[in-house]
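One structure below.
Read the figures in this text as sums done on the coordinates, not as results from a lab. Note that this is a predicted model, so its numbers are computed, not measured. We place every Cβ from the backbone using ideal geometry, glycine too, and count neighbours over all the protein chains shown.
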Amino acid sequence: MDMMKAVILDKPTKGEDVVLSEIAVPEVKPGWVLVRVKAFGMNHSEAILREFEIENDYIQKPIVPGIECVGEIEDPSDSGWKKGQKIAALMGGMGRSFNGSYAEYALLPVHHVFPIESALSWEEMAAIPETYFTAWGSLFQCLRLTKEDKLLVRGATCALGYVAVQLAKALGCTVVGTTHRESKMEFLKEAGCDECILDDGSLRGKVSGVTKALELIGIKTVKDTMMCVEQGGIVCNTGVLGKVYEWNHFDPIKDIPNGVCLTGFYSNYPTTKMMQDIFSFMDEHQLKSLIGATYDFENIREACIALDEGKVNGKIVVKVGD
């Protein structure tokens, strides 16, 4: 039986306790393809999985975490694809309902694997799937962003916020970015924000003219964010950086300001068209994927520690294969 290296979790695990194990390479089956993982991006949701979510019954245990990857088709099964074809894969239960990308090989359902054509390196491609898809869906599907908008990105120094700023500026928007760390104010300027705000929990009276807002802190601050947009504006709640996951005693009549729309983006349903649109937009605007740090797979422990600490500016990418 062929063996591979992978991260295996069966209980809450701190980054410093993550290790590589040897497990069998998964056997291919109809409707699924075996992917040789070349690289994967890391996500806040994977830290949540390790911190406490793994205790829930809906998480398959033991589980290989990882909700996205890029790589090559190793065994196409009945998909009609070719061995060696470049792909990106994300969501659809990866790393929760079935084993994900923290491994040398991943067995993935065809409907969440997407062919890609790109001259980018594996590391550059790995920074795109989940983060850019989530930013893209939040900005264009939910916020219906146009170049005339003034966009507030609350929590802009996380990887998703950084990408949202990049895409919005490429479109031509005015962008306001926030951070709760004074040490990251300069980073907001370098990212392209037209206005930078140190967030102490309340933005009311500190920003004006905002027509669209991307809320990445989450329920902890979304009421305050809704008070910062103009009538007719839209707030999209996408992130949970504030670690508040449910909105108790929510009264939509009182808590949503008159004339303001509240929506949210759930990134579990990527499509081939959306993925192609993202790569085309980046090519058109000559954008490079934003990487904060790159680690070799052998150093996955250090990568997980960096993810937990939240000190990396931009996406953390792990290189698995050559």
- Item | 222 nm mean residue ellipticity, helices alone, for the chain (DSSP H n ≥ 4; -39,500 (n - 2.57); rounded to 500) | -6500 deg cm²/dmol
- Message: Can you give the FRET efficiency to the nearest 0.05 for Glu117 and Val19, using r as the Cβ-Cβ distance and R₀ = 45 Å?
- Response: 0.80
- How much length, in nm to one decimal, is gained on full extension between Trp81 and Lys288, taken as 0.36 nm per residue of separation minus their Cα-Cα distance? 71.7 nm
- Which Cα, out of Thr146, Ser101, Ile278, lies furthest along the positive dipole direction of the chain (beta carbon charges, K/R +1, D/E -1)? Thr146
- Message: Among Thr263, Val244, Gly177, whose Cα projects farthest towards the positive end of the dipole of region 134-264, with charges put on the beta-carbon of Lys, Arg (+1) and Asp, Glu (-1)?
- Response: Thr263
- Set Lys82/Lys315; Lys288/Lys311; Lys38/Lys189; Lys212/Lys311 screened for pairs whose C-alpha atoms are more than 23 Å apart: Lys82/Lys315; Lys38/Lys189; Lys212/Lys311
- Message: For the pair Lys206/Met185, report the inter-label distance in nm, with labels modelled 7 Å from Cα in the Cβ direction.
- Response: 1.1
- Message: Pairing rule first: another cysteine's C-beta must sit under 4.7 Å. Under that rule, which cysteines of the chain stay single?
- Response: Cys69, Cys158, Cys173, Cys193, Cys196, Cys228, Cys261, Cys304
- Query: When each pair of different Cα atoms in the chain is counted once in the 1/r mean, what is the Kirkwood radius in angstroms, to one decimal?
  - Reply: 20.1
- Note on the structure: Share of Cα-Cα pairs in region 199-304 beyond 20 Å, whole percent, is 58
- Item | Lys, Arg +1 and Asp, Glu -1 on Cβ, resulting dipole of region 134-264 about Cα centre, debye, nearest 20 | 120
- In units of 2.2 N^0.38 Å, the Cα radius of gyration of region 134-264 is 0.94
- Within the chain, the percent of DSSP beta bridges that are antiparallel, given to the nearest 5, stands at 50
- Per DSSP, the loop-located chymotrypsin sites (Phe, Trp or Tyr not before Pro) within region 29-106 having at most 12 other beta carbons within 10 Å are Phe52, Tyr58
- For the chain, the dipole about the Cα centre with charges only on Cβ (Lys and Arg +1, Asp and Glu -1), to the nearest 20 debye, works out at 660
